[in-house]
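The next block holds one structure in the form of structure tokens; read it before the comments.
Read-outs: derived from the displayed coordinates by stated rules, not from any lab. This structure is a prediction, so every number in the text was calculated from the model and none was measured. Cβ placement follows ideal geometry from the backbone for every residue including glycine, while neighbour counts extend to all protein chains displayed.
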Number of protein chains: 2
Amino acid sequence: MDNKRIHGGDIERVARTYGFNTSDILDFSSNINPLPLPRVVKDYLYEHFDTLTRYPDRDYSELRQALAFYTKMPLDYLLMGNGATELIYLTVQTLQPKRVLLPVPSFGEYEGALQNNNCEITHYQLREELGFKLDLPNFLSVLKQGYDLLILCNPNNPTGQLINKDDMLTILNEAQKTNTIVLLDETFIEFVPDVSGTSILDFLDGFENVLVLRAFTKFFALPGLRLGYCVAHPSLVEKLAERKEPWTVNGVAALLGPLLLKQTEFIRQTRTWINKERPYFSEQLSQLNKLKVYETYGNFILLKLLEKGATVQALQEKLESRGIMIRNAASFHYLDNTYFRLAIKDRSSNMRLIKNLEELL
Amino acid sequence: MDNKRIHGGDIERVARTYGFNTSDILDFSSNINPLPLPRVVKDYLYEHFDTLTRYPDRDYSELRQALAFYTKMPLDYLLMGNGATELIYLTVQTLQPKRVLLPVPSFGEYEGALQNNNCEITHYQLREELGFKLDLPNFLSVLKQGYDLLILCNPNNPTGQLINKDDMLTILNEAQKTNTIVLLDETFIEFVPDVSGTSILDFLDGFENVLVLRAFTKFFALPGLRLGYCVAHPSLVEKLAERKEPWTVNGVAALLGPLLLKQTEFIRQTRTWINKERPYFSEQLSQLNKLKVYETYGNFILLKLLEKGATVQALQEKLESRGIMIRNAASFHYLDNTYFRLAIKDRSSNMRLIKNLEELL
């Protein structure tokens, strides 16, 4: 397995190694909404189990209609995927870009898809001195050099940094001028304080060169469901649809998707939780010794061990032996064995981690 | 949508058009086991719904262990996929074959995967005069011309014809001599009268050039689950695994797969049903006027309208207005608008179709 494609959430390994039940492990390595889903979701699946005995509707009409309502986008702007991951791979396979600009550190699967297609990758380094914030003028001067594809993650995983809407539109306009397609990964955007003030969905009809990725994985806390989608101009959606494998979205995802989007109370509670817990957890972590905490707009936080010689691996092993998982960030470009990423969880889980870190740091 | 990639099972369309509930439609267009799954499967999913709130184990260890037991193959011969479909696409993408030999009529998705990769396809015509049975000496003489990839479906969809084990081993040996990789689709093989006497799984360690595809879709009647697997020499499995997207198999599939393989009573009943119903349904259909019924070893039957000027489209419309779906086979190579395919269902459904055909033909 390529080192760049390590992921969080390997609960089975930790459970086996230390003899825990998987359900007893506190997993800060996967960026998943910790709020419990309404019971109705589970019950609905039970009642409609028979849906699995039929092929999913190949066009996923109901699902796309529900998403059209949720995103306020026209139906022909929507394409479903087996998580956002399928759509990353499909985009690269379909567009076959030669030269790709990739700000890093960022999500490892971009690299996976690009390598599969032998793309020439230019890594644009997000600088630690700037708290990994994008230096817009500098970035634009690089973008102007001309690329077939730019991949951006907003807010960015694992740094948590956000590109605001004005800056993003500047980037998209510049990309349009140089015929650069932009794959904009917004899978964490539903966690930012001002979603509609940050997402560029409303501007998509002006950009035939932009694909926005979204997913149910993180916000609806169902990574096992494998449900993502792409929002883009119909000309791009059609290109991808032509190349797409059929039935990649499973029947459970097709069934539950529309129901999940209707859980307005869960969505409201999630927003309340993240807007309260993100500043609180960040602040609590900042008070710990020998730790640098980076600003975040996502549902996760990047941190760095400051003590000389300290490694995340050592910390990770100690935490895992206590049934707590964190994400070693050394697999990300330009990050080393002193960086780790934490999911933001519920208050009591967060405090349990703080207590353990106090003891261990 | 490419005409060659039409599929059965579009229940939603028929329900919308004629105002039926999807559950009231009798679907002979999808080749799915009609036996009801044991209740325990549905209950188990309900009890373990929480599995969806975690990422699936990326190696699918439990699932592969269960399959190793079921197939009696070593663990490192197994690779999981989002239905067999993902593995068809992955195989073609990974091997990037230039020249491909494809006996047709056969399953349309092979063509889809090959076209995505701009392969040069040689269609080998299975001849109607032979009941679509493979003419082995003739086929071998074509195979000897040298191809990068041969795709075979056994038993073949939609014709129902079977290549017996001796003939198959002759083909695989010949392919080995000419460095031809063989993608052998055995997704329907669990329905043939003598599974272990037909499948070539036992011989795989002698063939580093053969990939066998299997799926849960048809036999376990869960096409919405999206669960397939590939059995091949570890050298081939590793190549595919390296290129594979992560988490393509969803959490429900990973959860239910091992449980399904343990349903020995369901498996036994399915074998009893198909061995009884296949000859009975074929015989009953043969007694209808103006209809040719082809020999079959699968859980489906290919038929041809013999009356001059008769079209499947006309028959199909009449049946759909009565809530019965059949598969127009005109989208398959070398078949025209007089061919259709029927799934073999339970006795009462089969007899209901016979009665309707008697009235309509």
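Diagonalise the Cα gyration tensor of the stretch A:266-334 and give the resulting equivalent ellipsoid semi-axes, square root of 5 times each eigenvalue, largest first, whole Å. Present the calculation step by step, with values, prior to reporting the outcome.
Working: eigenvalues 122, 41, 32 Å².
Equivalent ellipsoid semi-axes, largest first: 25, 14, 13 Å.
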Unsatisfied cross-links (Cα-Cα over 28 Å) in the set B:LYS290/B:LYS345; A:LYS165/A:LYS355; B:LYS72/B:LYS98: A:LYS165/A:LYS355; B:LYS72/B:LYS98
Rounded to whole Hz, the Karplus (6.51, -1.76, 1.60) HN-Hα couplings of the stretch A:145-151, x for glycine and proline: 5, x, 10, 7, 9, 10, 10
Å³ per residue enclosed by the Cα convex hull of the protein assembly as shown: 156 Å³
Karplus-derived 3J(HN,Hα), 6.51/-1.76/1.60, for each residue of the stretch A:211-217, Hz, glycine and proline x: 10, 9, 9, 9, 8, 8, 2
Size of electric dipole in the stretch A:55-260: Cβ of Lys, Arg +1 and of Asp, Glu -1, about Cα centre, debye, nearest 20: 180 debye
Helix-derived mean residue ellipticity, 222 nm - over chain A, DSSP H n ≥ 4, -39500 (n - 2.57), to 500: -11500 deg cm²/dmol
Inter-label distance, nm, simple model (7 Å from Cα along the C-beta direction), A:ASP194/B:GLU208: 6.1 nm
Whole-angstrom gap from the stretch A:299-361 to the stretch A:139-204, using each part's C-alpha centre: 28 Å
Amide hydrogen neighbours beyond the local backbone of B:ALA215, cut-off 5 Å, H modeled: B:TYR229
Spacing of the two label points (7 Å from each Cα toward its C-beta) at B:THR264 and A:SER286, in nm: 6.3 nm
Inter-copy spacing of A:GLU295 label points, which lie 7 Å from Cα along Cα→Cβ, given in nm from shortest upward: 7.6
Net charge of neighbours whose Cβ lies under 10 Å from the Cβ of A:THR178, counting Lys and Arg as +1 and Asp and Glu as -1: 0
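Taking loop as defined by DSSP and a crowding limit of 14 other beta carbons within 10 Å, which GluC sites (Glu not before Pro) in the stretch A:166-269 fit?
For GluC sites (Glu not before Pro) across the stretch A:166-269 that sit outside H, G, I, E and B with at most 14 neighbouring Cβ atoms in 10 Å, the list reads A:GLU208.
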Percent of C-alpha pairs per 10 Å bin, the stretch A:79-148, short to long: 18, 45, 32, 6
Bins of 20 Å from zero: percent of alpha-carbon pairs in chain B: 29, 59, 12
Principal axis dimensions, largest first and in whole angstrom, of the stretch B:52-262 by Cα: 53, 36, 30
Candidate aspartates and glutamates for bridging to B:LYS42, where Cα separation is under 20 Å - those fewer than 8 sequence places away on the same chain excluded: A:ASP43, A:GLU47, A:ASP50, B:ASP50, B:GLU62, B:GLU265
Assigned charges on the beta-carbon of Lys, Arg, Asp, Glu; the protein assembly as shown dipole about Cα centre (debye): 600 debye
Relative contact order for chain B, counting Cα pairs under 8 Å that sit 6 or more residues apart, in percent: 26 percent
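From Cα pairs below 8 angstrom and at least 6 apart in sequence, can you work out the relative contact order of the stretch A:105-182, rounded to a whole percent?
Numbers: 64 pairs, mean separation 28.1, N = 78.
Worked out over the stretch A:105-182, it gives 36 percent.
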Among B:ARG13, B:ARG99, B:ARG127, residue whose mean-square fluctuation peaks in a GNM of chain B (springs only between Cα atoms under 10 Å): B:ARG13
Most fluctuating residue given options A:GLY83, A:GLY228, A:GLY112, as computed from a GNM of chain A linking Cα atoms under 10 Å: A:GLY112
Equivalent-ellipsoid semi-axes of the stretch B:87-126, from the Cα gyration tensor, Å, largest first: 16, 11, 7
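Within 10 Å of each Cβ of B:246-256, how many other protein chain Cβ atoms are there on average?
Whole-number average of other-chain Cβ neighbours for B:246-256 is 6.
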Peptide B:108-116, shielding by other chains (average Cβ, 10 Å cutoff): 2
Estimated inter-spin distance, B:SER348 and B:GLN65, nm [label 7 Å along Cα→Cβ]: 4.2 nm
Projected area averaged over orientations for the stretch A:195-343, convex hull of C-alpha atoms, nm²: 12.3 nm²
Sorted by Cβ neighbour density within 10 Å, fewest at the top, the residues B:VAL249, A:VAL293, A:VAL100: A:VAL293, A:VAL100, B:VAL249
For A:GLY146, label point 7 Å along C-beta direction: distances to other copies, nm: 4.0
Computed FRET value (nearest 0.05) for A:GLN313 with B:THR22, which takes r as the C-beta separation and R₀ as 51 Å: 0.45
